[in-house]
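Asks: Let me begin by handing over the structure; questions about it come next.
The values are calculated or read from the model by the stated rules, or taken from the named source; none is laboratory data. Computed from a predicted model, the values in this text were never measured in an experiment. Here the Cβ positions follow ideal geometry from the backbone for every residue, glycine too, while neighbour counts run over all protein chains shown.
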Amino acid sequence: MNEPSIREQLLKMEKRSPEFEERFSKEIKKMMEKNLTRTERIAWTLSIFLGLFFVLQFSYVAVTAPAEFPLLGRLVFIFGAVCGGIWMALGVWTLTRKSFNWMRLENATQGLTFGFVLVLMIGLMMLGGQMKNEVTAIHMILNGAIFFMIFGIPAIFTLRINRTESAIREQMLKLELKVSELADDLQKEK
Amino acid sequence: MISQTDRIRSQLLLLRYRRGETEAFEELVHIWEKPLYYYIRRIVGSEEDAWDVSQNVWLQVVRKNKQLRDPEKLPGWLYQVSRNQALNHLRSKHGEEISLDQIDCFPEGTTESGFNFSVAEADTIHWGLDQLPLNQREVLTLHFLEEFSLKEIGEITGVPDGTVKSRLFHAKRALREILQQEGLGHE
């Protein structure tokens with residue numbers, strides 16, 4: 001068996017009161033479920049109203065648009081209304097819970113916002129292509145393209161690169177961990 | 001120092017936590033909580049304060065872990081966060097600006113590495129560490145716990161490599177002298 005290192009010996013010698021240790025463990029568990037601050041409560045309440053606004057506005061436009069309005073346009077508006085609804089539901093869920101998983105919520109809100117903006121931008125460009133009035137069509141396509149190039153493309157690339165990098169790194173680390181554990185086992189057997 | 005397996009596992013846990021797995025965070029705390037507490041305890045005065053600082057450290061990890069771009073640097077980053085939190089605690093307690101560098105009382109430029117300690121001396125090292133000045137205690141604790149390189153200790157403490165080398169040399173010599181005075185050292 002391997003001789004313990006100075007590190008292990010030092011850590012073993014540190015006296016720790018069980019009461020403090022228990023309190024610390026409880027606090028760590030609480031950290032996973034973060035409570036909302038007052039500012040965050042206000043922000044989430046506002047986001048529910050914003051979600052409601054999107055639901056009403058997009059639904060209204062989708063329903064009241066003239067008959068000759070392209071179907072794709074209606075679908076984009078319906079998508080906007082659905083996103084607003086999801087945003088509202090997320091807000092209500094967050095406010096009614098006393099606490100939540102901070103990392104998961106952060107990932108969910110980022111994904112929802114990004115998806116919403118991206119689909120609206122692409123939808124705007126595609127819709128422009130179907131408009132009969134050429135000036136309006138070019139205007140819509142140009143606006144969509146400019147926003148897409150300034151915000152959409154860099155955001156897509158950054159997100160994709162980060163996710164791919166993270167996934168590759170995770171797989172590599174899993175392999176490294178297996179090799180390292182095997183090496184540890186071999187060391188123990190010696 | 002932390003085993004290679006735990007080092008790799010920690011990086012993996014950090015990535016899993018960033019994806020939202022809370023269990024990964026608890027495992028990460030399990031691996032690092034003891035050495036970080038040991039280090040913090042060497043800087044702040046009481047046990048209760050050390051536990052409070054430890055809590056703040058992990059709160060910072062929850063909030064700011066995405067700032068760490070390269071997970072390979074996790075060990076150094078964790079000690080850096082611990083040091084900052086411990087210093088903040090000292091500042092708030094003493095009501096003034098405190099820097100461990102202010103109490104550096106040794107000249108730079110030492111090039112020898114000497115004064116090695118053995119595992120058999122761990123109990124006396126543990127006692128002797130508390131007798132050293134704070135800035136020496138800090139570098140020596142980092143050296144004994146993780147065997148960080150001079151560059152890594154420099155990054156954690158925010159001082160040049162040369163200063164770290166000098167502090168480490170003087171800290172080892174001072175510790176050896178203290179242990180010998182007390183008749184505890186092994187020759």
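Asks: Looking at (1) among the β-branched types (Val, Ile, Thr); (2) more than 8 Å from chain A (Cβ to nearest Cβ); (3) over 16 Å from the mean Cα position of the chain (by Cα), which one does B:Thr22 not meet, given that it meets all the others?
Replies: (2)
Asks: Among what's in region B:148-171 and is of a type outside the set (Phe, Trp, Tyr) and within 10 Å of the chain's Cα centre (by Cα), pick the residue that is surrounded by the fewest Cβ atoms within 10 Å (Cβ to Cβ).
Replies: B:Thr157
Asks: Enumerate the pairs (first residue in region A:126-154 and surrounded by 12 or more Cβ atoms within 10 Å (Cβ to Cβ) and of a type outside the set (Lys, Arg); second residue anywhere and modelled with pLDDT of 75 or more and not in a helix (DSSP H, G or I)) with beta-carbon separation below 8 Å, excluding pairs fewer than 6 apart on the same chain, so at least 6 apart or on different chains.
Replies: Qualifying pairs under 8 Å: A:Leu127/A:Pro70; A:Gln130/A:Pro70; A:Met131/A:Pro70.
Asks: Pick from A:Arg41, A:Arg23, A:Arg7: which is over 30 Å from A:Asp184 (Cβ atoms), basic (Lys, Arg), within 14 Å of another protein chain (Cβ to nearest Cβ) and surrounded by 12 or more Cβ atoms within 10 Å (Cβ to Cβ)?
Replies: Only one candidate passes the filter, namely A:Arg23.
Asks: Please specify each residue of region B:27-61 satisfying the condition of being within 20 Å of B:Met1 (Cβ to Cβ), within 7 Å of another protein chain (Cβ to nearest Cβ) and of a type in the set (A, V, I, L, M).
Replies: B:Val29
Asks: Would you pick out the residues in region A:1-38 that are within 20 Å of the chain's Cα centre (by Cα) and in a helix (DSSP H, G or I)?
Replies: A:Met31, A:Met32
Asks: May I pose another question? Which of the residues belonging to region A:62-101 are touching a residue at least 60 places away in the same chain (Cβ under 8 Å) and within 18 Å of the chain's Cα centre (by Cα)?
Replies: A:Ser99, A:Phe100, A:Asn101
Asks: From B:Lys73, B:Lys64, which residue is at pLDDT 90 or above, more than 11 Å from chain A (Cβ to nearest Cβ) and surrounded by fewer than 16 Cβ atoms within 10 Å (Cβ to Cβ)?
Replies: B:Lys73
Asks: Looking at A:Phe114, A:Phe69, which one is outside any helix (DSSP H, G or I) and surrounded by 15 or more Cβ atoms within 10 Å (Cβ to Cβ)?
Replies: A:Phe69
Asks: Quick one: what pairs do we get from region A:169-190, first residue within 10 Å of another protein chain (Cβ to nearest Cβ) and closer than 12 Å to B:Arg9 by Cα, second in a helix (DSSP H, G or I) and of a type in the set (A, V, I, L, M, F, W, C), C-beta under 6 Å, 6+ apart or different chains?
Replies: So the pair list comes out as A:Glu170/B:Leu15; A:Leu173/B:Ile8; A:Leu173/B:Leu12; A:Glu176/B:Ile8; A:Leu177/B:Ile8; A:Ser180/B:Ile8.
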